[in-house]
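Colleague: Would you mind keeping the following structure in view while I ask a few things?
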Amino acid sequence: MDLAVGSLRAARTRKDLCLAPGERLLAGGTWLFSEPQPDVTGLVDLTTLGWEPVERVGDGLRVAATCTVEQLAAHVPDPAWTAWPLVGACADALLMSFKVQGQATVGGNVALALPAGAMTSLLVALDAVAVVWTPDGGERREPVVDLVVGPGRTTLAPGEVLRAFDVPAHALRARVAVRQQSLTAVGRSASLVVARRDADGAVTLTVTAATPRPVQARLASATTSVPTSVPTSVQVDAVLAGLEWYDDPHGAPDWRRAVTTLLAHEVVTEVGA
């Protein structure tokens with residue numbers, strides 16, 4: 001869809017990100033151009049800032065907000081990053097054509113804050129921290145799990161810009177298991193569940209798509225007479241018991257709860273095997 005705007009600015013410095021009334025930031029534009037935007041009178045292109053899509057930062061990884069889904073999926077990982085298959089799984093969960101994957105950005109997917117936003121799922125599951133540029137020229141950092149607070153809602157204040165996402169080494173080197181479920185064979189995610197087991201045996205469970213906002217829980221290993229590193233079914237059920245379940249045409253709350261419960265037990269068992 002075309003947008004009727006009066007201006008298009010290419011951002012070269014942070015000062016260019018100061019928006020005039022009616023201006024909107026543009027990265028991939030896959031959502032922005034998908035429906036009428038009558039209040040938008042101008043666009044400011046973020047991609048001209050020249051941010052490196054994916055780069056090593058210490059032992060971890062930095063993913064630019066302007067990195068496309070295609071660029072992230074095509075990145076050649078460190079052989080020690082055993083969690084990397086999760087990137088492809090989450091990219092596939094978006095159900096994008098290859099053309100859209102070449103345009104849609106990681107930052108845009110997170111900023112939209114859709115429950116089924118699989119880049120949010122990926123980053124939350126890997127303990128990623130968002131780097132946010134503030135209007136005063138500074139920056140702040142916030143875990144992605146806390147950045148997205150509901151459907152279409154984030155903690156981003158007016159004038160703030162997503163700069164990047166920092167993924168820690170311990171999560172990249174973890175063992176992961178992922179399950180995704182939709183109402184139809186090829187449909188929007190109604191539940192996307194990831195379990196991650198770190199080198200120290202700690203298990204983290206992440207639930208997205210089935211809930212209005214991302215949910216993450218650290219599960220302690222079971223304490224029984226027989227040593228085990230697998231959290232018990234009771235522990236998993238306790239995490240899910242108090243959740244709010246999302247309700248839209250892609251899945252009723254009771255169905256999402258039932259499906260997510262099944263998937264959560266599967267992934268926790270898999271990473272503990």
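Colleague: Which of Glu70, Glu270, Glu244 has the fewest other C-beta atoms within 10 Å, and how do the rest follow up to the most?
Modeller: Working: Glu70 19, Glu270 16, Glu244 12.
Fewest-to-most ranking of Glu70, Glu270, Glu244: Glu244, Glu270, Glu70.
Colleague: Springs between alpha-carbon atoms under 10 Å, Gaussian network over the chain: tell me which of Leu162, Leu126, Leu243 tops the mean-square fluctuations.
Modeller: Leu243
Colleague: Going out from 0 in 10 Å bins, what whole percent of all Cα-Cα distances in the range 100-176 drops into each bin?
Modeller: Taking all Cα pairs of the range 100-176, the binned fractions are 19, 51, 27, 3 percent.
Colleague: Which ordering of Asp166, Asp146 is given by a fewest-first count of other beta-carbon atoms within 10 Å?
Modeller: Result, fewest neighbours first: Asp146, Asp166.
Colleague: Something else now. Less than 14 Å Cβ to Cβ from Leu61, Lys/Arg counted +1 and Asp/Glu -1: what total charge do the surrounding residues give?
Modeller: Around Leu61, the charge tally is -3.
Colleague: Just the Kirkwood number for the range 47-167, please: inverse of mean 1/r across all distinct Cα pairs, in Å, one decimal.
Modeller: Roughly 14.5 Å, rounded to one decimal.
Colleague: If I take every Cα pair under 8 Å that is 6 or more residues apart in the range 55-170, average their sequence separation and divide by the length, what percent do I get for the relative contact order?
Modeller: It rounds to 32 percent for the range 55-170.
Colleague: Over the range 7-46, what portion of Cα pair distances is larger than 14 Å, expressed as a whole percent?
Modeller: When every Cα pair of the range 7-46 is considered, 43 percent fall beyond 14 Å.
Colleague: Only Cα pairs under 8 Å and at least 6 apart count here; give the relative contact order of the chain as a rounded whole percent. All intermediate terms of the calculation are to be shown ahead of the outcome.
Modeller: On the way: 568 pairs, mean separation 40.8, N = 273.
Normalised by residue count, the contact order of the chain is 15 percent.
Colleague: Continuing with the same structure: Identify, among Ala210, Val271, Leu243, the residue whose Cα sits farthest towards the positive end of the charge dipole of the range 172-272, taking +1 on the Cβ of Lys and Arg and -1 on the Cβ of Asp and Glu, with the dipole about the Cα centre.
Modeller: It is Val271.
Colleague: Considering only the chain, what is the antiparallel percent among its DSSP beta bridges, to the nearest 5?
Modeller: Values: 40 of 48 bridges.
Of those bridges, close to 85 percent are antiparallel.
Colleague: What order do you get for Leu8, Leu94, Leu86 when you list them from fewest to most C-beta neighbours inside 10 Å? Before the final figure, lay out the partial values.
Modeller: Working: Leu8 12, Leu94 18, Leu86 22.
With the fewest neighbours first, Leu8, Leu94, Leu86 line up as Leu8, Leu94, Leu86.
Colleague: List residues of the range 152-180, by number, whose backbone nitrogen lies under 14 Å from a label position 7 Å along Cα→C-beta of Glu139.
Modeller: From the range 152-180, the list is 161-167.
Colleague: A follow-up question, please. For the chain, set up a GNM with springs between Cα atoms under 10 Å and report which of Gly108, Gly137, Gly117 has the largest fluctuation.
Modeller: Gly137
Colleague: Then there is this: With only alpha-carbon atoms counted, please give the Rg and Dmax of the range 91-221, in Å.
Modeller: According to the Cα coordinates of the range 91-221, Rg and Dmax are 14.9, 47 Å.
Colleague: Quick one: dipole size for the range 172-272, taken about the Cα centre, charges +1 on Lys/Arg Cβ and -1 on Asp/Glu Cβ, in debye to the nearest 20.
Modeller: 280
Colleague: Between Gln180, Gln71, Gln235, find the one with the highest GNM mean-square fluctuation for the chain; connect C-alpha pairs within less than 10 Å.
Modeller: Gln235
Colleague: Now, a different point. Step by step: find N for the chain, compute 2.2 N^0.38 Å, then divide the Cα radius of gyration by it. What's the final number?
Modeller: 1.03
Colleague: So how much slack lies between Ala4 and Ala157, counting 0.36 nm per residue of separation and subtracting their Cα-Cα distance, in nm?
Modeller: Taking Ala4 through Ala157 to full extension adds about 52.5 nm, to one decimal.
Values quoted throughout were computed directly from the atomic coordinates according to the rules given, and no laboratory measurement underlies them. Computed from a predicted model, the values in this text were never measured in an experiment. Positions of Cβ are backbone-derived with ideal geometry, glycine not excepted, and every protein chain shown enters the neighbour counts.
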